[in-house]
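Visitor: One structure is given below, represented as structure tokens, and several questions about it will come after.
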Amino acid sequence: MFKFNDGARAEQLRQIAGQLGMEFCEQDDYGMIALLRDFHLMGKGGRHEISNILTHTSPLMEDRFHIFDYRYTISTGKSSHTYRQSVLFINSKQLAMPEMLMKPEHFFHRLGNWLGLEQDIDFEEHPEFSRNYLLQGEDEARVRRTMNHDDVIRFFTVEKDWCLESVGYFMILYQDDRLLQPHEIQFFHERGVMLFENFKEEPL
């Protein structure tokens, strides 16, 4: 296991950033915590921290891709646990995303849906995807239009345990409590680009 913010990890990620043509910053000089404060992920626990940030900005500065290490701590009584994970954050004016949350679906989610206590937007034509994920959003029609792309459904059907959150120009992708190793970052970036290409608005 590697430590969350040790020098070796930072140096490895700096090298990966160079290979991907991305900038690298060890600390959150961008103030991304403030941009992301309305997301479900950022509402968990306390002592939130972003570090080891890889960033790509498009030539016209309309699209910004960030991949970073994120941690937060949940305290219960005398004990506490710190969660660490990798997060991909896209900020783009080409996105017009609904307020949406997708996360792995478990037994109690299904029970809550059956009892009418919890929303779950299912796709009858994609039963495996719908079994794997709880999908929620106030504007169900927009959520369905956003998610109903073959590449998107295929990715999340094959790749399990992802969380996706979006609103407006912002989208984040992560797996709970999973900090990716440096050699996995390129794949993470490629998946983010694929989702972006499917989600962005077509030009008028």
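Visitor: For the pair Asp150 and Arg47, how long in nm is the line joining their label points, each one 7 Å along Cα→Cβ?
Guide: Calculated label separation equals 4.8 nm.
Visitor: I would also like to ask the following. Once R0 is set to 30 Å, what does the formula 1/(1 + (r/R0)^6) return for the Cβ-Cβ distance between Phe187 and Glu138, expressed as a FRET efficiency to the nearest 0.05?
Guide: The value I calculate is 0.40.
Visitor: Same structure, new question: Which of these, Met22, Met61, Met171, has the largest mean-square fluctuation under a Gaussian network model of the chain (Cα springs below 10 Å)?
Guide: Comparing Met22, Met61, Met171 in a Gaussian network model of the chain, the most mobile one is Met61.
Visitor: Further question: Could you pull out every whole DSSP H run in the chain that spans at least 30 Å of Cα extent along its own axis and averages 1.6 or higher on the Kyte-Doolittle scale?
Guide: Details: long enough: none.
TM-like helix candidates: nothing returned.
Visitor: Cα-based count: Lys pairs in the chain below 29 Å, eight or more positions apart or different chains?
Guide: Here the count comes out as 15.
Visitor: Run the quick spin-label model on Arg131 and Met61: label points 7 Å from Cα toward the beta carbon, then report their separation in nm to one decimal.
Guide: Each label point lies 7 Å from its Cα, and together they span 4.9 nm.
Visitor: Something else: So if I average 1/r over every pair of distinct C-alpha atoms in the stretch 50-96 and take the inverse, what Kirkwood radius in Å does that give?
Guide: Kirkwood radius, the stretch 50-96: 12.6 Å.
Each reported figure results from applying straightforward, stated rules to the coordinates on display, with no laboratory input. What you see is a predicted model; the values in this text were computed from it and never measured. Neighbour counts are summed over all protein chains in view; Cβ atoms, including those assigned to glycine, are modelled from backbone coordinates with ideal geometry.
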